[in-house]
Amino acid sequence: MSKGNVREAALDVLLKVEKNQAYSHLLLNDTINKNQLSPKDTGLFTELVYGTIQHKKTLDFYISPFVKKPLSKLDDWVRILLELTVYQTVFLDRIPERAAFFEAVQIAKKRGHKGISGMVNGVLRSMQREGIPDPEEIKDPIVRLSVETSHPEWLVERWTDQYGFEKTKDICEANLIHPKQTARVNGTKATVEEVFKMLEEDGVEAEKSTVVPEAFTAVKGVLSKTRAFKEGYIAIQDESSMLVAHALGAVEGERVLDACAAPGGKSTHIAETMNGKGEVESLDIHKHKVSLIEEQAGRLDLNNIKARVMDAREAKDHFEHESFDRILVDAPCSGLGVIKRKPDLKWTKTQEDVKRLASIQADILRNVWPLLKQGGTLVYSTCTIDREENDNVIEDFLKGESSANGDHNLYSRLPENVQKQMTEKDKVQIFPGDFDTDGFFISAITKG
């Protein structure tokens, strides 16, 4: 595929993401497979799509002074074509400006009339001649940070209220860094050293994690194409997500409920920590997602996972009360901790979503609590960094349940480097900039 076609394919995906609020990673994979893109084209295509979404607000700030009418008044495809082109010229050193301009004008000619291609060419040439505006000139610090790091103003303001301006700046800047490719070793099948030898044979260069003992980062190569992945020696997962199984602390012979389990990364990790012995009941409300749990368990050769289609809020009607030693509620959330991995989230989520999700999270906790044995452990986790979905949900739950207490033993179950991050022994908030991982919240509660 030519670079022009790669750019046009990127434009199509960006349009679908914006118009249909479709998930960019699903559209990317579908386009890559349908067009059988080469690794080189796949790299450029992925960079163009994710980069344009990630830096959208900054790009619009750069473009606006050179367009005679508000950007919102332009046809969507024209505005996105400009964003896509300016992303290449400002953020990608290896793409010649003239090549990006030429392809943009060709696409404009193909999709529109002569006036549109002339306008696109004029805007780009004016930017080239006059230079892009400087966000430093924006006086309001919230607006300035919003533009500089390309985050919605409401989100910057919200995080500033919750964590202060400097911490919010760190979070926003960390969200612009490319996510690492990380995985964990399936300890029921091999050691880290044995897996490293397998990866080396497949041309993958890996480094041990400084956060999770069984984890590693792929510095070079694609993990999903290795024998180690295909034969179930590894599972691809972010390191902050791996901390959940450590927090739960399940051991051989126990009965565990994973109340919101799809796509199965945490269920399979828990099963591995149990050495494949005991029982993990993995629930999800969607049938197709339960199939993903079963696929993961099958690939990793873990036979102690039973996946079911079930709403966690109805679990107490299907299982005996106080029949689980440990329960994980990895609750549905806004996902505001994984923006670096899923940049479209910051443009689709709203404050109303956060409030609605917090209510669902509280419902799930209340409804699974009767299933936990006396003396048992419940872990609540999310991949968001919003207090309303995290600290507030847990604080309200502890106030409302007389038998629920913060589990200070959580501290001792987590890896040493994470312990240093903890300000309270029964919960921890991981921010995107802390370990170059996703943002994640984990809290542990005991019954007694």
Check your understanding: Where only protein heavy atoms count, and the probe is 1.4 Å, what is the accessible area per residue for the chain in Å²?
Key -> 45 Å²
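Assuming a viscosity of 1.567 mPa s and a temperature of 4 °C, what translational diffusion coefficient in µm² per second does Stokes-Einstein assign to the range 116-174, Rh being the Kirkwood radius over Cα pairs? Can you show the working numbers first?
Details: Rh = 13.1 Å.
The calculation lands on 99 µm²/s.
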Review point. If we restrict to alpha carbons, what Rg and Dmax does the range 351-398 come to, in Å?
Key: 11.4, 37
Practice item. Beyond 26 Å, what share of the Cα-Cα pairs of the range 326-445 is found? Please give it as a whole percent. Key: 20 percent
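With a ≥ b ≥ c the root eigenvalues of the C-alpha gyration tensor of the range 95-243, is it rounded (a/c under 1.5), prolate (a/b larger than b/c) or oblate?
Here the range 95-243 falls in the oblate category.
Report for the chain the percent antiparallel among DSSP-assigned beta bridges with both residues inside it, nearest 5. Could you put the intermediate results ahead of the total?
Details: 24 of 42 bridges.
Around 55 percent antiparallel, to the nearest 5.
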Practice item. On a C-alpha basis, how far is the centre of the range 384-448 from the centre of the range 116-145 in Å? Whole number, if you could? Key: 42 Å
Practice item. Scan (1) 4, 17, 22, 19, 16, 12, 7, 3, 1, 0; (2) 4, 19, 28, 24, 16, 7, 2, 0; (3) 5, 22, 34, 25, 11, 3, 0 for the value of P(r) over Cα pairs in 10 Å bins from 0, in percent calculated from this model and give just the label. Key: (2)
Point to revise | Cα-projected label distance for Phe102 with Asn409, points at 7 Å along beta-carbon direction, nm | key: 6.8 nm
Review point. Using the Karplus equation 6.51 cos²θ - 1.76 cosθ + 1.60 (θ = phi - 60°), what ³J(HN,Hα) coupling, rounded to whole Hz, does each residue of the range 240-255 give in order, writing x for Gly and Pro?
Key: 5, 5, 5, 5, 5, 5, 5, 4, 5, x, 5, 10, 3, x, 7, 10
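How high is the relative contact order of the chain, in percent, with contacts defined as C-alpha pairs under 8 Å that are six or more residues apart?
Numbers: 771 pairs, mean separation 55.3, N = 448.
In percent, rounded to a whole number, it is 12.
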Study note, to complete from the structure: Residues meeting the amide H criterion for Ala307 (H placed from the backbone, H to H distance under 5 Å, 5 or more places apart or on another chain) are Ser282
Check your understanding: So for the range 381-444, what are the equivalent ellipsoid semi-axes in whole Å, largest first, each being the square root of 5 times an eigenvalue of the Cα gyration tensor?
Key -> 21, 15, 7
Exercise for review: Rank these residues by their accessible area, most exposed first, probe 1.4 Å: Phe91, Phe435.
Suggested key: Phe91, Phe435
Study note, to complete from the structure: Reported to the nearest 10 Å², Phe66 has, with a 1.4 Å probe, an accessible area equal to 40 Å²
Practice item. Calculate I(q)/I(0) for the range 13-64 by the Debye formula, one identical point scatterer on each C-alpha and no solvent, and give its log10 at q = 0.17, 0.19, 0.23, 0.28 Å⁻¹ to two decimals. Key: -0.55, -0.67, -0.88, -1.09
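Given only helices, namely DSSP H runs of n ≥ 4 each adding -39500 (n - 2.57), what is the per-residue ellipticity at 222 nm of the chain, to the nearest 500 deg cm²/dmol? Write out the running numbers ahead of the final one.
Details: 20 runs with 218 residues, N = 448.
Calculated at 222 nm, the ellipticity per residue is -14500 deg cm²/dmol.
Please report, as a whole percent, how much of the solvent-accessible surface of the chain comes from carbon and sulfur atoms (probe radius 1.4 Å).
47 percent
Taking Cα atoms of the range 1-148, Rg/Rh with Kirkwood Rh, to two decimals? Provide the component values of the computation, followed by the final result.
On the way: Rg = 15.2 Å, Rh = 15.8 Å.
Expressed as Rg/Rh, it is 0.96.
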Study note, to complete from the structure: Subtracting the Cα-Cα distance of His25 and Ile138 from 0.36 nm times their residue separation yields 37.4 nm
Check your understanding: Which length gain, in nm to one decimal place, applies between Asp363 and Lys109 when the Cα-Cα distance is subtracted from 0.36 nm times their residue separation?
Key -> 86.1 nm
Review point. Probe 1.4 Å, all protein chains in place: accessible area of Glu314 in Å², nearest 10?
Key: 90 Å²
Practice item. Order Trp369, Trp347, most accessible first, counting only protein heavy atoms with a 1.4 angstrom probe. Key: Trp347, Trp369
Check your understanding: What is the Rg over Rh value, at two decimals, for the range 181-307, using alpha-carbon atoms and the Kirkwood definition of Rh?
Key -> 0.96
Review point. Given a 1.4 Å probe and the protein chains all in place, what does the accessible area of Asp170 round to, in Å² to the nearest 10?
Key: 80 Å²
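Starting from 0.36 nm per residue, how many nanometres of slack lie between Glu200 and Lys40 once their C-alpha separation is accounted for? Numbers along the way, then the final one.
Details: separation 160, 0.36 × 160 = 57.60 nm, distance 2.16 nm.
Extra length available between Glu200 and Lys40 comes to 55.4 nm.
The values are calculated or read from the model by the stated rules, or taken from the named source; none is laboratory data. Every value quoted in this text rests on a predicted model; they were computed, and no experiment measured them. A quick note on method: Cβ atoms are made from the backbone with ideal geometry, for glycine too, and the neighbour counts reach across all protein chains shown. Heavy atoms of the whole protein, side chains included, go into the accessibility calculation; ligands, DNA and RNA do not. Shrake-Rupley method; radii C 1.70, N 1.55, O 1.52, S 1.80 Å.
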